[in-house]
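All remarks here apply to the structure that follows.
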Amino acid sequence: MSKGIGLDKGIVVAIDGPSGAGKSTVARLLAERLGYLYIDTGAMFRTVALAVKQANISPEDEQALAAVCRELEIAFERRDGAYRVLANGKDVSEAIRTPEISLLTSRISTKKAVRDVLLHEQRRMGQDGNVVLEGRDIGSVVFPDAEVKFFLSASPEERGKRRFLELQAKGEKVTLEQTIAEVAARDAQDEQREHAPLRRANDAYLVDSDGISVDEVLGRMEKIVRDCEAEQTTS
Ligand code: DC
C-alpha cells in the first residue's frame, strides 16, 4: 500500500484478537523490535473501569460514565523497561489487572459513551504512525486504513490456560476452570456487543498462536511490517 499524497506519516500496525491470545506480549515486543510506539487500548478501557469503580457509579449510567471519562487523563510511560499506565498521573498498572476489573471492563466497554471518548483518544495517540495499537476493534473501527492489520487468535482452552498461569504467578486465588469460563464469558460479551464488536477485519492477517512460540509469531509479523516499510520507501 502506498502512502497518501504529501503525507510522511509512519505506519500504523493494528493487532486485534480475543483476550488471552498473547496480544499484549506480541504487540509490545513487536513495537520494541520496530522502534514504534506501543499502545495497549485494553489498558485504556481497564483504566476507565477502575475509575468507574472508584467513583462508585453504575456501569449502566451512560451520563455518569461520560463524566468519568471526561475527567480521566490516561497516559503510558516507559519506566525501567516496563510499560506503566497512568490515570491522572497515578500509576494504576497493577490495579487494572484484577479479575474484578477485567469483568467490569468488559461491561463498560460495551457502552457508547466510553467507546466514543476512547476512540477519539486512540486516534489522537496513533495519528503520527510508527505505532502498534492492540485491542479488539483497531483494524475495523479505530484505524480502518491501518497499513498492517493482524488478527491474533488461539483456542479458548489455550487462552484460558495462559491467563490462569498469569494470574497464578501474581498470587491470585483462581482455578483453571473458573479462568477458562471467564475468558469464554468475556469473548461472548466482546463478540456480541452492539458497538464495535470483536471481529476480524477482512484485510487482517490471521495469526493463530496455538502451539507456536512467541518468537516465531513475532518473526512472521515483523517480516510483514518490514515488507510494508520497504514498499513505502520505494513508492
Ligand atoms: O485486552 P484486554 O484483556 O486488556 O481488554 C480488556 C477489555 O477491554 C476486554 O473485555 C475487551 C475490551 N476492549 C475493547 O472493547 N476494545 C479494545 N480496543 C480493547 C479492549
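The values are calculated or read from the model by the stated rules, or taken from the named source; none is laboratory data. Model, not experiment: these values are computed from the prediction. Every residue, glycine as well, gets a Cβ built from its backbone with ideal geometry; the counts of neighbours run over all protein chains shown. SASA here: full protein model, heavy atoms, side chains in, ligands and nucleic acids out. Shrake-Rupley method; radii C 1.70, N 1.55, O 1.52, S 1.80 Å.
Here are the numbers for the structure shown:
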| item | result |
| --- | --- |
| Signed unit charges on C-beta, dipole axis of the chain, positive-most listed residue Ser58, Val131, Met44 | Ser58 |
| Solvent-accessible area per residue for segment 51-176 (1.4 angstrom probe, square angstrom) | 51 |
| More than 22 Å apart - percent of Cα-Cα pairs taken over segment 28-103 | 27 |
| Under the Debye formula (equal points on every Cα, no solvent term), log10 I(q)/I(0) of segment 139-233 at q = 0.11, 0.20, 0.23 Å⁻¹ | -0.45, -1.10, -1.19 |
| Under-5 Å amide H pairs with Tyr38, H placed in peptide plane, nonlocal only | Val132 |
| Percentage relative contact order, segment 1-96, counting C-alpha pairs under 8 Å, at least six apart | 17 |
| Long-range Cα-Cα pairs in segment 21-151 (distance over 24 Å), rounded percent | 26 |
| Using alpha-carbon coordinates, inclination of helix 41-55 to the longest axis of the chain, degrees | 20 |
| Karplus (6.51, -1.76, 1.60) ³J(HN,Hα), θ = phi - 60°, over segment 216-222, in Hz, Gly and Pro reported as x | 5, 4, 4, x, 5, 5, 4 |
| Length-normalised contact order of the chain in % [C-alpha pairs under 8 Å, at least 6 apart] | 33 |
| Over segment 16-67, equivalent-ellipsoid semi-axes from the Cα gyration tensor in Å | 30, 12, 8 |
| Sites Lys173 and Thr25, calculated FRET efficiency, Cβ-Cβ separation with R0 30 Å, nearest 0.05 | 0.80 |
| Top of Ala82, Ala185, Ala14 by mean-square fluctuation, Gaussian network on the chain, Cα under 10 Å | Ala82 |
| Helical mean residue ellipticity (222 nm; -39500 (n - 2.57) per DSSP H run of 4+; nearest 500) of the chain | -15500 deg cm²/dmol |
| Cα-based Rg / Dmax (Å) for the chain | 17.4, 54 |
| Cα long-axis angle, helix 112-126 against the chain (0 to 90 degrees, to the nearest 10) | 40 |
| Phi to ³J(HN,Hα) by Karplus 6.51 cos²θ - 1.76 cosθ + 1.60 over segment 176-190, Hz, x for Gly, Pro | 5, 4, 4, 5, 4, 5, 5, 4, 5, 5, 5, 4, 4, 5, 5 |
| Within the accessible area of the chain (1.4 Å probe), percent carbon and sulfur | 50 |
| The chain: angle of helix 99-108 to the longest principal axis, Cα-based, in degrees nearest 10 | 70 |
